[in-house]
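Following: one structure in C-alpha cells, then a few remarks.
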Amino acid sequence: MCIGVPGKILSIHDGLMPMADLDFGGTDRQCCLAYVPEAKVGDWVLIQNGFAMDVIDDDAAQAALTAIGEPGLAPGVEPDVASGD
C-alpha cells in the first residue's frame, strides 16, 4: 500500500513530462504532473511515487498532514495549511 503525501505547488516546468517544485512542510521536492494537467501554482496535490495523482483542497491537505503527523510518519511536517504556506 502506498501513502499519498500532500505537497503545495511552488512552480511548474512545462515540457514533455511537466514537472513541479513542491513544498512538503518546508522541504522542497519535485514531482511529475502528467496525471493532473489542470494543476496550477498554489494548488495542493497528492503525491505517490513521484507523481501527482490528484489535486486536493486545503481541507483534504490538512486532514492528510494531520493523519501522517499523528503516528510520526513524517517528522517535521506541520499540518498547517490555513496560513497558505
Requested in this report: Would you mind working out the accessible area per residue for segment 1-72, using a 1.4 Å probe, and quoting it in Å²?
Outcome: 58 Å²
Report summary line: Within the under-12-Å Cβ sphere about Val55, not counting Val55, Lys/Arg +1 and Asp/Glu -1 give a net charge of -3
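The values are calculated or read from the model by the stated rules, or taken from the named source; none is laboratory data. Computed from a predicted model, the values in this text were never measured in an experiment. Note that we place each Cβ from the backbone using ideal geometry, even for glycine, and neighbour counts take in every protein chain shown. Protein only, heavy atoms only, side chains kept; ligands, DNA and RNA dropped before computing areas. Shrake-Rupley method; radii C 1.70, N 1.55, O 1.52, S 1.80 Å.
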